[in-house]
Amino acid sequence: MPGTHNDINVLQCSPVFAKLVEGHSPPVNFEINGRHHNKGYYLADGIYPRWSTFVKTISNAVLGGKKSHFAKVQEACRKDVERAFGVLQSRFAVVQYPAQTWSKNEMWEIMTCCVILHNMIIESEQEDPVFDTEPYYRQGPLAEVDHQLPAIWTAYLSMRQEIRDPQVHHQLQQDLVEHLWRLKGDAERDV
């Protein structure tokens, strides 16, 4: 059946989350809406579980309100990522086809190579590359990455439970809603 090896099925086998749970991925520390968070997150659509590492859109939000604004920004950013992957697929045939025979390391190397080559092509196509930082100037400081040793078994179980905590998912989503709403208000006052 088409799509059966996408999204949720792939999530259950994801080395990204396995590495995070095992302590091999560096934790990411950031503060948003006055609350400290210690894991990065992925923008996701409604099919994904309510884990602390996913930020999903808000369905049926009241138009013009905080949640509606959040949904608009979240969906736009998620679509940007999907479009970027689409660009890679259209430029490099190796990205278009299933990679079932490749190892995880080979996939990582191929995708990294494609992204680097794409960026090099874009830079060479521009006479004078311009690095537009305008959209990011209000985003706050960069996340600090803390490289730690692999976790022990109890820490593994604790991290696994923490990643799958729907309350942390909800709190992060609410923090982002408030943060984006505050930025929107500040941007409107600056105009």
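Points to keep in mind about this one:
- Placing R0 at 30 angstrom, the Cβ-Cβ distance between residue 184 and residue 45 gives a FRET efficiency of 0.85 after rounding to 0.05.
- Applying 1/(1 + (r/R0)^6) with R0 = 30 Å to the Cβ-Cβ distance of residue 62 and residue 32 gives a FRET efficiency near 0.85.
- Remark on region 17-81: ratio of C-alpha radius of gyration to 2.2 N^0.38 Å is 1.27.
- Proximity of backbone amide H atoms, modeled 1.01 Å from N, is registered between residue 35 and no other residue at under 5 Å, excluding neighbours fewer than 5 places apart on the same chain.
- Between residue 152 and residue 81, the FRET efficiency estimated from the beta carbon spacing at R0 = 41 angstrom works out to 0.75.
- For the set 56/79; 66/184; 39/72, the pairs lying more than 19 angstrom apart at their alpha carbons are 39/72.
- Residue 24 versus residue 102: modelled label distance in nm, points set 7 Å from Cα along the beta carbon direction: 1.8
No value in this document is a laboratory result; all are computed from the given coordinates. Computed from a predicted structure; not experimentally measured. When we count neighbours, we look across all protein chains shown, and the Cβ atoms used for this are built from the backbone with ideal geometry, even at glycine.
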